Every structure is written in C-alpha cells, then in structure tokens.
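Written below as structure tokens is the structure these notes are about.
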C-alpha cells in the first residue's frame, strides 16, 4: 500500500481504506461474504491475483482475518475491520445522494446484478413451499437472458441453467431497468405502470414479489442530482 509519508491519522487510515478495491472488499465482508469466490464476484474487474494480494495486505494491517486453509479458507473482518463498516455505509449513503446519474455502458454489470440479487433477496417470504423465480432480461443475448432463483428452506440458490423445477414467478425486465430499480432510481410502481417491468405467475408469488426483492434502505435515500432513467 502506498504511503502519504505523514503521521496524521487521516493519512494513515486512508493508506489502508482508500487503496483501490479495499472499500468494496470491506463492503462485501460486512454483508456476509466469506469465501474467496464470493469476494471475487463482488469485484469482477479485479484479478484473482490482485484480490489475493489485497486480502493479504488487509490481514497484515489487522483488518481481515483468515480462517482455515485451502478450499476451506474463509475471510472475516476483525474488530478493526468491523469499525470500518459504518464508514462504508456512510460512503454508500453519500454516493446515493450525490453521484447518481444515468449509468454509463461500462457500469451496467450483469454479473454484479445477479450476485446482488442472490445475496439480497428474501427467500423466506414465500413460506415453506419451494418457489422458483425466473428473471428474464429481455435485452440480453439468449445465453445470458434467463436466470433462476430457487427459494427453499429460507435460502435461495441462483441457477444459470434451468434447474428442472416448475417456475412460479416470471419477471421480465431489461438489465439497465432492474439495476435502476435495485439502486432506487426507478420505483417498482413506476416500472410496472410503464410496462418496463412485467411480473406474472402464481398469485401468491406475485403478492410476495416486492417483499422478496427486498430493496435496501439505500433506495429510500433521495438523490440531490437529477436522475434520468
């Protein structure tokens, strides 16, 4: 990690926290990711080699703790790392208020979106019965158009191939629009009213869809910039 060459505590903390990718790693660890593969999904543009090196650096700084070895290795925030989690939350809040705008092409990330959905939805709202939600991204090529979320036993599993179960709920939307919905730029009510989001299937599943999507508190943060979507 690069040094500012100062004894100031702001500088010393920034050397750890402001290194590229570090806030995103802390974000994902704070949200429950523990395995290398989970962390890699949260930073798809970061190479595995760089992620490994950054995790080791954070270990050396006492921010991250590694448990186990080999395939059983997991990563966790230490007490010092946990104290950085509120800083990440404040950064998120500031970003929602002051940086929102129409997404650039390079920011429309399919992998990050489906991973965020898998991590963020509430499978328990469907009750004990297995419920399959199929997400159809109408603007994507055939190989990336359909995604299945199998909700069962209060857990959700993302499937990139048809799991073979009957689909209970179909959700049709473009990739940019579902990202705008997830960020809070486009409300579900507006998206459905304008026909940009279509939800059909079993009545019980349709009724639970909003709760299942589990849009975070950040969607309630009002942007201080005009957002066109």
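Answer yes or no: is there a residue in region 124-143 that is crowded, with 17+ Cβ neighbours inside 10 Å, under 15 Å from the mean Cα position of the chain (by Cα) and closer than 19 Å to residue 173 by Cα.
no
Based on what the data block shows, is residue 212 over 25 Å from residue 104 (Cβ atoms), touching a helix residue (DSSP H, G or I) at 6+ places or on another chain (Cβ under 6 Å), crowded, with 19+ Cβ neighbours inside 10 Å and touching a residue at least 24 places away in the same chain (Cβ under 8 Å)?
Considered against the rule, which asks whether it is over 25 Å from residue 104 (Cβ atoms), touching a helix residue (DSSP H, G or I) at 6+ places or on another chain (Cβ under 6 Å), crowded, with 19+ Cβ neighbours inside 10 Å and touching a residue at least 24 places away in the same chain (Cβ under 8 Å), residue 212 comes out as yes.
Can you go through 147, 182, 218 and tell me which one is at pLDDT below 95, in contact with a helix residue (DSSP H, G or I) (Cβ under 9 Å, 6 or more places away or on another chain), crowded, with 18+ Cβ neighbours inside 10 Å and under 30 Å from residue 35 (Cβ atoms)?
Of 147, 182, 218, the one residue that is at pLDDT below 95, in contact with a helix residue (DSSP H, G or I) (Cβ under 9 Å, 6 or more places away or on another chain), crowded, with 18+ Cβ neighbours inside 10 Å and under 30 Å from residue 35 (Cβ atoms) is 182.
Starting from residues that are assigned to a strand (DSSP E or B) and touching a residue at least 24 places away in the same chain (Cβ under 8 Å), keep the ones in region 147-156 and report whichever is farthest from residue 121 (Cα to Cα).
Applying the filter and picking the extreme gives 147.
Looking for something surrounded by fewer than 18 Cβ atoms within 10 Å (Cβ to Cβ) and under 30 Å from residue 91 (Cβ atoms) - is there at least one such residue anywhere in region 161-170?
Looking through region 161-170, none of the residues is surrounded by fewer than 18 Cβ atoms within 10 Å (Cβ to Cβ) and under 30 Å from residue 91 (Cβ atoms).
Give the residues of region 53-70 that are surrounded by 13 or more Cβ atoms within 10 Å (Cβ to Cβ) and closer than 27 Å to residue 107 by Cα, sorted by residue number.
Hits for region 53-70 are 54, 55, 58.
Which number in (1) in contact with a helix residue (DSSP H, G or I) (Cβ under 8 Å, 6 or more places away or on another chain); (2) within 16 Å of residue 211 (Cβ to Cβ); (3) surrounded by 14 or more Cβ atoms within 10 Å (Cβ to Cβ) marks the one condition that residue 110 misses?
The number of the failed condition is (2).
If you go through region 130-140 one residue at a time, do you hit one that is at pLDDT below 95, out of contact with any helix residue (DSSP H, G or I) (no Cβ under 7 Å at 6 or more places or on another chain) and at negative phi?
The answer is no; no qualifying residue exists.
Go through the residues of region 135-146 one by one and say whether even a single one is in contact with a strand residue (DSSP E or B) (Cβ under 9 Å, 6 or more places away or on another chain) and without any contact (Cβ under 8 Å) to a residue 12 or more places away in the chain.
yes
Scan region 1-11 for residues that are part of a loop (DSSP other than H, G, I, E, B), surrounded by 13 or more Cβ atoms within 10 Å (Cβ to Cβ) and either modelled with pLDDT of 90 or more or assigned by TED's automatic domain parsing to the domain that holds residue 52 (or both) and jot them down.
Hits for region 1-11: nothing passes.
Does residue 42 satisfy the criteria of being closer than 30 Å to residue 106 by Cβ, loosely packed, with under 15 Cβ neighbours inside 10 Å, in the same structural domain as residue 79 (by TED's automatic domain parsing) and touching a residue at least 24 places away in the same chain (Cβ under 8 Å)?
The answer is no for residue 42.
I want to confirm something. Restricting to region 175-201 and keeping residues that are part of a loop (DSSP other than H, G, I, E, B) and free of Cβ contacts under 8 Å to residues at least 60 places away in the same chain, which single residue is farthest from residue 98 (Cα to Cα)?
195
The values are calculated or read from the model by the stated rules, or taken from the named source; none is laboratory data. Quick caveat: nothing in here was measured; it's all calculated off a predicted structure. Don't worry about glycine lacking a Cβ; one is built from the backbone with ideal geometry, like all the others, and counts go over all protein chains shown.
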